[in-house]
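Rule-based calculations on the coordinates, nothing more; no lab input. Bear in mind the structure is a predicted one, so any value in this text is a computation, not a measurement. Reconstructed Cβ throughout: ideal geometry from the backbone, glycine too, with neighbour counts over all protein chains shown.
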Amino acid sequence: MPVITVEGPKVADLVKKREMAQRITEAAAEAFGFPNERIIIIFHETTPGMCWRPAACSSAIDPTGKAARRRPRFRRPETCRT
């Protein structure tokens, strides 16, 4: 069962988010040869200040002042606003 993660800014309009999920589901079902019901879409909504380098970016500090514990999967220093 394919799992697709969409990581990006929050989509405020629920209708648009459902349409996007439906389009992604249909494309994946066609590509993988599975029925639509077997495709899982996960939305990981981020805020504009989120950074790929938590230890170096002030936006990754929680209100208690501790650095974020989640380790980044990718390193994109060119997109980090430090």
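Considering the stretch 1-42 alone, what residues qualify as being in a strand (DSSP E or B) and among the acidic types (Asp, Glu)?
Glu7
Looking only at the stretch 1-35, count how many residues are within 12 Å of Glu45 (Cβ to Cβ) and in contact (Cβ under 8 Å) with a residue 24 or more places away in the chain.
Number of matching residues: 8.
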